[in-house]
Amino acid sequence: MNGINVKDFSNLKAFNNPPEGIGEVFYSVMYLLTKHYDAIDYNPKNNQPKTLSWPEAKKLMASPQKFFDCLLGF
């Protein structure tokens, strides 16, 4: 996290398609933050994200500062 700042998330959410590998990183983050971040729509039966897609990942960054703070606190 030392190399990431809030502006990076603002830049990423502008992409219609993420650079290679970025989507997979965010999908992993979605699994980790399930039940810890309200922007993740998950299935309560198995506590897994309902959808792993770039549009869903971009929802995490709707508020870049909030997302950044959540990651720091995780």
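Read the figures in this text as sums done on the coordinates, not as results from a lab. All figures in this text were calculated on a predicted structure; none of them were measured in a lab. For neighbour counting, all protein chains shown are included, and Cβ atoms are generated from backbone atoms with ideal geometry for every residue, glycine included.
Every test in (1) among the basic types (K, R); (2) out of contact with any helix residue (DSSP H, G or I) (no Cβ under 8 Å at 6 or more places or on another chain); (3) surrounded by 11 or more Cβ atoms within 10 Å (Cβ to Cβ) is passed by K13 save one, and that test is (2).
Count, please, the residues in segment 23-74 that happen to be of a type in the set (A, V, I, L, M) and either more than 11 Å from the chain's Cα centre (by Cα) or on the phi > 0 side of the Ramachandran plot (or both). So the count comes out to 1.
When residues of segment 1-36 are filtered for being out of contact with any strand residue (DSSP E or B) (no Cβ under 8 Å at 6 or more places or on another chain) and either acidic (D, E) or part of a loop (DSSP other than H, G, I, E, B) (or both), how many remain? Within segment 1-36, residues that are out of contact with any strand residue (DSSP E or B) (no Cβ under 8 Å at 6 or more places or on another chain) and either acidic (D, E) or part of a loop (DSSP other than H, G, I, E, B) (or both) number 17. Out of P19, P44, P55, report the one residue that is loosely packed, with under 12 Cβ neighbours inside 10 Å and touching a Leu at 6+ places or on another chain (Cβ under 9 Å). Just one listed residue meets the conditions, P19.
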